[in-house]
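Notes to accompany the following structure.
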Amino acid sequence: MKIENLAERFRVNKADDFRLKSVDPADCCGLAIDKGDAKEMLEESVKRLSRLQEKLYAQDRWSVLLIFQAMDAAGKDGAIKHVMSGINPQGCQVFSFKAPTAHELDHDFMWRTTIALPERGRIGVFNRSYYEEVLVVRAHPEILARQKLPEQLVTKNIWEQRFDDIRAFERYLARNGTLILKFMLHVSKEEQARRFLERLDEPAKNWKFSMGDVEERKLWDEYMHFYEDCIRATSRPEAPWFVVPADNKWFTRLVISSAIVGALDGLDLHFPKVGEAALKEMQAARGALQAELPKGRNGKGQKS
Ligand code: ATP
Ligand code: MG
């Protein structure tokens, strides 16, 4: 299979019928690859992404929003690090959204992410996002209770209303030139246990371990239900979800990279064209610059 097509298998197209169970977290699309091969494929994809990003930046029309959601230890951080590694840091911004501050709670639920949206020409990465508002907040009624919403606005319809607001917001962004791609890293409960154990066993990973994560794990089935519901409600052609198998990190990264490269390719990006008048000005500038150099030498300090 071509790497370009890898991600398409994991794009949620028929949202109404989507079942999380239909994606196997251990799936590798039959790619029997050793780590070396996977690394090479990812490097190739990252190079393509880097070239596309240069054009995105130069053209300065589109912006790209990449949203990452997952259960703990599914590999969001590693995926962001490896997939975005070849990119010019000037053209990329990463924001991680944790439990909101008091200041953030004084605003509507999409405020803090809205002010972090990528500018034209840039790639913005959200490590968690406003989707937490229909996931962790749904799993913990006490969090919703702290959101200072007027009482009469908190009804049983609140999640449907939030889905509706998210759909409208993403459609608005898309219509304004933001390419949106959303990734749910789908890890199995067993693999999560293995990764938590690694965090306990390896001193260099101890800092990543949190008792809170073990507590959240107890709500696994609720979370899976909320993820499924959310993906069904918010998969749209202008803001698709990719449910990416996450038990094998190399595979997760390949799929994500392939999705981003595929989507950017589809934008038909190009460097801004220089017009006739500007070309003439450039010729004149070239003449003036050359005249400033010692006679008989070109711009590189070599004899011309
Ligand atoms: P890792 O996978 O390495 O643990 P992380 O993204 O989970 O990384 P943490 O600092 O462990 O980072 O956790 C951030 C926590 O903040 C998550 O448990 C998440 O659910 C929570 N959070 C994010 N947004 C909200 C929100 N709007 N309301 C309440 N909690 C939120
Ligand atoms: Mg965490």
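Taken together, the values in this text are just the output of simple stated rules run on the coordinates, not laboratory data. The structure presented is a predicted model; accordingly, all values stated were derived computationally and were not measured. Cβ sites come from the backbone with ideal geometry, for glycine too, and all protein chains shown count toward neighbours.
Tilt of helix 189-201 relative to the longest C-alpha principal axis of the chain, in degrees (0 to 90, nearest 10)? Helix 189-201 sits at roughly 70 degrees to that axis. Evaluating 6.51 cos²θ - 1.76 cosθ + 1.60 at θ = phi - 60° for every residue in the range 232-248, the Karplus couplings come out as 4, 6, 10, 7, 9, x, 7, 8, x, 9, 10, 9, 9, x, 10, 6, 10 Hz, glycine and proline recorded as x. Let me know the whole percent of all Cα-Cα pairs from the range 1-56 that are separated by more than 18 Å. Roughly 51 percent, once rounded to a whole number. Ranking S210, N127, N248 by Cα position along the charge dipole of the range 3-272, where only Lys, Arg, Asp and Glu carry charges on their C-beta atoms, puts N127 farthest toward the positive end.
The DSSP beta bridges internal to the chain are antiparallel in roughly 10% of cases. In order along the range 84-98, the phi-based Karplus estimate (6.51 cos²θ - 1.76 cosθ + 1.60, θ = phi - 60°) of 3J(HN,Hα) comes to 9, 5, x, 8, 4, x, 5, x, 9, 10, 10, 10, 10, 9, 9 Hz; Gly and Pro are listed as x. With a Cα cut-off of under 29 Å and a minimum spacing of 8 residues unless on different chains, the lysine pairs in the range 82-215 number 13. Considering only Cα atoms, the convex hull volume of the chain works out to 205 Å³ per residue.
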